[in-house]
Amino acid sequence: MDDLKRHIREIPDYPKPGILFYDITTLLRDPWALRTTIDRFAERFIGDHVDKVVGMESRGFLFGPILAYNLNAGFVPVRKPGKLPSDVVTESYDLEYGTDTLEMHDDGIADGERVLIVDDLIATGGTAQATAKMVETVSGEVVGFGFIIELTFLAGRDRLEGYAVESLIRY
């Protein structure tokens, strides 16, 4: 864990005062760190016979397709409303102040397909939980979640009880 953690840049007071932002661009630019991140996820989930990897906008798009390639799976993007051109399933979820909404093509996952959901970070778990609900709405089976960073003090993992959750770096 610490070998990857040293590749995360910490930026205080971004995007607003009091927030400590964990910047993954420093991990992305390092060939060893990027390869190690993907390899660790692939090793963890290779035995789960994943059919599709789902990545949430936008940083899930960076890791999802690479991981899908390594798992011999397809990739399905989850986006903010109005960004996908075909019929979608939609899920709204609560934020600290208000709500947000995500969408996924309703034909991105076939009945019974095994799905791995990936993103760069889990905080409160709302985005991940909403994505799982969409996958299950179209009759996909969530086999697990993969996150590079987990903010343990926000207890997002608790919202994903019953699912396999893998995080490579914990704060």
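The numbers here are math on the coordinates, done by the rules we state, and not lab data. Every value quoted in this text rests on a predicted model; they were computed, and no experiment measured them. All Cβ positions, glycine included, derive from the backbone under ideal geometry; neighbour counts span all protein chains shown.
Assorted remarks:
- Computed over neighbours whose Cβ is under 12 Å from that of H49, the net charge equals -2, Lys and Arg +1, Asp and Glu -1.
- Inter-centroid distance (Cα atoms) of segment 1-67 relative to segment 148-165, Å: 15 Å
- 3J(HN,Hα) couplings calculated from phi for segment 52-68 with the Karplus curve 6.51 cos²θ - 1.76 cosθ + 1.60 (θ = phi - 60°) are, in sequence order, 9, 10, 10, x, 8, 4, 10, 6, x, 6, 6, 9, x, x, 5, 5, 4 Hz; Gly and Pro show x.
- Fraction of beta bridges assigned by DSSP in the chain that are antiparallel (%, nearest 5): 35 percent
- Computed [θ] at 222 nm, helices only, for the chain once each DSSP H run of length n ≥ 4 contributes -39500 (n - 2.57): -7500 deg cm²/dmol
- Footprinting exposure proxy for V118, V50 (fewest neighbouring C-beta atoms within 10 Å first): V50, V118
- The ranking of S139, S167, S86 from fewest to most other beta carbons within 10 Å of each one's beta carbon is S86, S139, S167.
- Assigned charges on the beta-carbon of Lys, Arg, Asp, Glu; segment 47-170 dipole about Cα centre (debye): 340 debye
- Residues whose amide H lies under 5 Å from that of E150, counting only those 5 or more places away or on a different chain, are I122, I169, R170, Y171; hydrogens are built 1.01 Å from N in the peptide plane.
- For D13, D100, D2, the sequence from fewest to most other C-beta atoms within 10 Å is D2, D13, D100.
- Converting phi to 3J(HN,Hα) with the Karplus coefficients 6.51, -1.76 and 1.60 and the offset θ = phi - 60°, segment 26-42 yields 6, 6, 4, 7, 9, x, 5, 5, 5, 4, 5, 4, 5, 4, 5, 5, 4 Hz in sequence order, with x at every glycine or proline.
- Long-range amide H partners of G74 with built H, under 5 Å: K52, V53
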